[in-house]
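Reading through the structure tokens given below for one structure.
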Amino acid sequence: MSTHAYGRRSWPWAAAAVLLFWQTWFLFHVFATEYTAVRWDCDSEGCATNQLAGGALFLAVPSAVGAAVFAAPFLGRAGAGVVAFLAAFGLLLGREDDDAVVVAYGLVVLGAVLVTAGAARSLRRRAPVEDEAPRPRGRPAAGALLRLLVAPATLLAAVPGTVAATALLHGALDGPRWIMMLGLNGTVALLVVLGAARLGHRPGVARGPDADESATHAPALLNALTTRGTSFVFDLTVRPERGSPYRIEVEHPLDLQDVRVHRAALVRHDPRRPWLVDLPQHPPAAELARARAAARTEDPFPARHLWTPPPGTLVLLLTGLLTAALLTLLAAM
């Protein structure tokens, strides 16, 4: 699976599609059951209302389009058919406007056509399978994750998600609908950003460390060398100054430091976040020579594969904890 496909098929975009599916049904249902009772305030510039049913269709259309787009990596063209079915179901369930029946049945026919076409297309075309061995998963670096979980940057990034998720759940359970709608769309926006951040993530493959003073050099032993597209994939055992050795994959379009020849390298990594590793182009010559000498004289030893957390994992975890605490506090008030 390509990196782009992995990111698009990750669960944040699937969750965004589910929320938009539900919102599409809800808005069509509100329009069908409440539109005839909407009270309009008119003046010389036109008419307006503060009731949700009055603008439900205008909100439902972008919601339906968004649901179909984010569901496409999972359902293909059938995602648009599911949207049409939900819209029809919303119009038919508890309807007060009989004129919506014709539109609803038309959407049912459209949904059936799209779902059938999507199913037929998926049977004809199957995604190619890469000739790639499954990547073993290691244990999370619990200490590093815990330190970063309580970092101020993580807390600051989790605040918008906490506000949106709390508004969604509180509005759905006990609050006005406009709070629920704002929270739902805010949550969808954050899920979309989270899914986009994961487009460049590949499980088990390192990301480069930040250019700050915390990055240090460490010797690494080459276990295997493969290619992925136009890039080399170096399976390295990193031996940090502190902590246990660990295995991780590093991608780079060039064979820097002649790793294939010497079977060793000097990597740059972040001790606080060991999954941030890269191959520097011009490492310190003395340290590189020691790493190569150690690779020739020392026996290889087993090391665990390091788990590489997808972007936003810590922010998401902290958001869930803060949302649960805030909802509990609101329920107790």
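Below are the figures for this structure:
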item	result
Cα pair distances exceeding 17 angstrom across the stretch 228-333, given as percent	63 percent
Distant-in-sequence amide H partners of residue 305 (H built 1.01 Å from N, under 5 Å)	247
Label-point separation, residue 153 to residue 290 (7 Å along Cα→Cβ), nm	2.8 nm
Qualifying trypsin sites (Lys or Arg not before Pro) in the stretch 222-258, DSSP loop, other Cβ atoms within 10 Å at most 16	242
Extended-chain gain in nm, criterion 0.36 nm per residue less alpha-carbon gap, residue 228 and residue 65	55.2 nm
Peptides 48-58, 194-204 ordered by average Cβ neighbours within 10 Å, highest first	194-204, 48-58
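Coordinate-derived values only; no laboratory data. Note that the coordinates shown come from a computational prediction; the quantities given were computed from them, not determined experimentally. Here Cβ is always computed from backbone atoms with ideal geometry, including for glycine, and neighbour counts include all displayed protein chains.
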